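Quick notes on the structure that follows.
The values are calculated or read from the model by the stated rules, or taken from the named source; none is laboratory data. What you are looking at is a predicted structure, and each value in this text was computed from that prediction instead of being measured. Note: ideal-geometry Cβ built from the backbone for every residue, glycine included; neighbour counts use all protein chains shown. Heads up: the accessible areas ignore ligands, DNA and RNA and are worked out on the full protein's heavy atoms, side chains in. Shrake-Rupley method; radii C 1.70, N 1.55, O 1.52, S 1.80 Å.
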Amino acid sequence: VTREEKHQARESGAIAVEMEAAGVAEVARAAGVPFSCIRAISDTSDEDMPLDFNVLRDAAGRFAVGRIAAAAAARPAAMPGLLRLGRNARLASKNLGEFLVHCRFD
């Protein structure tokens, strides 16, 4: 979530933090199914996340839009970071799409 936490991960030798696909990879490995993951990054290690999205998930683990909106309304200082994250996410999505258009899977 914070720049400091990201720097600690980098100091331990990490070049990226990936959380979402690890569970899928584990299930695929257990089932003997090949697995690959392509990622696009929307925040760098020099950026704090504007909100702690981990605490804004619903009981199923999905992002709860209402909780995020309420947290943003309660913390107006987070708005520039949310707008930056939105721009970065759109760019990451565009870059991922471009990669997939030109990618060949054999």
(Q) Net charge around Gly81, counting only other residues with Cβ within less than 9 Å of its Cβ (Lys, Arg = +1; Asp, Glu = -1)? (A) -1
(Q) Show me the trypsin sites (Lys or Arg not before Pro) within region 17-68 that DSSP assigns to loop and that have at most 15 other Cβ atoms within 10 Å of their Cβ. (A) Arg39, Arg62
Q.
What is the percent carbon and sulfur in the accessible area of the chain, measuring with a 1.4 Å probe over the protein chains and ignoring ligands?
A. 59
Q | Pairwise label distance in nanometres, Glu4 with Ala92, each label 7 Å out on the Cα-Cβ vector | A | 2.3
Q) By how many degrees, between 0 and 90 and to the nearest 10, does the Cα long axis of helix 79-102 differ from the longest principal axis of the chain? A) 20
Q: Would you pull out the residues with amide H under 5 Å of Arg57's amide H, same chain only if 5 or more places away, H placed 1.01 Å from N?
A: Ala64
(Q) Quick check for me: using +1 on Lys/Arg Cβ and -1 on Asp/Glu Cβ, what's the dipole size of region 16-106 about its Cα centre, in debye to the nearest 20? (A) 320
Q.
Given points 7 Å out from each Cα along the Cα-Cβ axis, report the Phe99 to Asp52 separation in nanometres with one decimal.
A. 3.0
Q | Angle in degrees between helix 65-74 and the longest Cα principal axis of the chain, rounded to the nearest 10 | A | 30
Q | Å² per residue, accessible surface of the chain at 1.4 Å | A | 76
Q. Using alpha-carbon positions, what is the distance between the centroids of region 1-38 and region 59-88, in Å?
A. 23
